[in-house]
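Input: a single structure, listed below in structure tokens.
Throughout, read-outs are computed from the coordinates displayed, never taken from laboratory work. Note that the coordinates shown come from a computational prediction; the quantities given were computed from them, not determined experimentally. Please note: Cβ atoms are built from the backbone with ideal geometry, for glycine as well, and neighbour counts cover all protein chains shown.
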């Protein structure tokens, strides 16, 4: 083998791991902002700001989210990964997952290119990433307690029915009253959410 070729190969072999290690951690872009999974890009006073909890930070660059959604911080134009574009209105925001949440029925209708619904009502949007309020928790707890009480009553009626049917008598036992009570409890359970 050529004497001059061996040192060149050795140098190449040693430098390959160094260049791979240097490429392993990409440099953070200039102007990049540290964000969390619950942060939102909110249209406020005609510009998009970063909302982190109750604090907001102004943006100096457009935003590109991991799913491909792009947000123009000056105009509020949002380009979705499929190419559809919409413009945020005051109070609308984009989640870190790229979902758009509209503040009013009018802004949602404008984005869809339709007229707002009569009465201006949409179903309430529930942001799954935000923690429930105390009132939400109290409502859920009350509903859960009601369901537990109704289920305990149903279990008692079913146990009574089992006792009657397993009494061992030759004549069939009439359980129609218990069946009606069980049916009434089932209807109540359907109403409790």
Percent of Cα-Cα pairs per 10 Å bin, from 0 to the last occupied bin, for region 40-120, please list those.
-> 20, 53, 23, 4
Segment residue 47-residue 74, length gained on full extension (0.36 nm per residue, minus Cα span) | 9.2 nm
Between residue 97 and residue 141, what is the FRET efficiency for a Förster distance of 25 Å, r being their Cβ-Cβ separation, to the nearest 0.05?
-> 0.30
